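Here is the structure we will look at, set down as C-alpha cells.
Quick note: the coordinates plus some simple rules give every number you see, no bench work behind them. What you are looking at is a predicted structure, and each value in this text was computed from that prediction instead of being measured. No Cβ is skipped: glycine too gets one built from the backbone with ideal geometry, and neighbour counts run over all protein chains shown.
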C-alpha cells in the first residue's frame, strides 16, 4: 500500500509539473505574440503597413483565433490597399460572430473602398446595432455619424435624412455638433428642420454668426428670400469678412428684385417684373438656339418679342402680367432642352422654379 501511494504521489507531482510548464510556455507564447502585435501596431502608426501585416501575422501564428489581432490585421491590410485580403480576414471573423460591431464597421469601410455601396450600408447598420465590448452607445453614435458623413459626400438626400432623424435627439448638444446637424438637414433637403436647429442655437447663442448664416441658407432653400436676406445681413454684421455669405446676399437681393410673387407689389411693379422675366428668358434661350431653332422655340421667341414691344394700359397690366409669366415659364422649359442647360442656382432659375411650384 505504501509503494502504491508513493507511485501515485510521484505521478501527481509529474502531472502538476507538466501543467505548470505548459502554462509557463503558454504565457511566454502570449507575451511573444503580444510583443509582435505591438510592433505591428507601431508600424501601422508610422504608415509602414506592409511590415505591420507581417508582424501581426506572426502574432496570429502564435495565438490563433485572437479577434483583436485579426481585426487589426484587417485594418492594416485595408490601409495597405489590400482590400480583398482585408475582406477575407473580416469574413472569417464575422462567420464566427456576425454581431461584432467593430468588425462590421471595418467591413463597411472596405465595401466603400471597393465601390460596393449598397453592401457598405448594410455593414454600417450591422455595426450600429452590433455588439461592442465597451462604450457601446458612444461607438454606435460614432458609426452613425460616419455613415451620415458618407451619405453627405454622396449627396444621398433621402438616405441621409433617414439617418439624421433617429440621431437628432441623441447627438451631443455642443455648439459645433448642433451647427453641423443643421447643415446636414439642409443638405438632406429638409430646410424646415434646419431652421428649427439654427433657431434653437440662436436662442442660446444670439450672437452666433454661423447659426445666422445657416438659418439664412435654410430660409433661402424654402424660397423665403426676404427672411434669408435679413439673416444674411445679420451674419455680415457679426462676421463682415464672410465672403460666402456676401455672395449669397447678392443673389438674394437680385431675387427680391425679380420675384413677382412678393407681397405688397403694385400692379405696375408686378407687370414690370413679368416683362423682365420674359426678357431674361429670351436672352437665355438665344444662347443655345443656334441657326435653326425648333418651330416651337421660334414661335415662343416671336411671341416674346411681341410682348416686350407691346403697349399695355394700366387697366390690363394684371392680366398681361400673368400671360407674360406663363410665356417666361414656357421659354424656360424650352431652354432646358439645349445642349448646355442653364445653371439651376441662378436667380432666374430660382424665380422660375418658384413660379412653377
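One table, with the values for the structure above:
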{"item": "Residue match in segment 247-254 (condition: over 19 Å from the mean Cα position of the chain (by Cα) and assigned to a loop (DSSP other than H, G, I, E, B))", "result": "no"}
{"item": "Check on residue 93, under 30 Å from the mean Cα position of the chain (by Cα), surrounded by 18 or more Cβ atoms within 10 Å (Cβ to Cβ) and in contact (Cβ under 8 Å) with a residue 40 or more places away in the chain", "result": "no"}
{"item": "Pick from segment 106-156, criterion over 18 Å from the mean Cα position of the chain (by Cα) and not in a helix (DSSP H, G or I), ranking: surrounded by the fewest Cβ atoms within 10 Å (Cβ to Cβ)", "result": "134"}
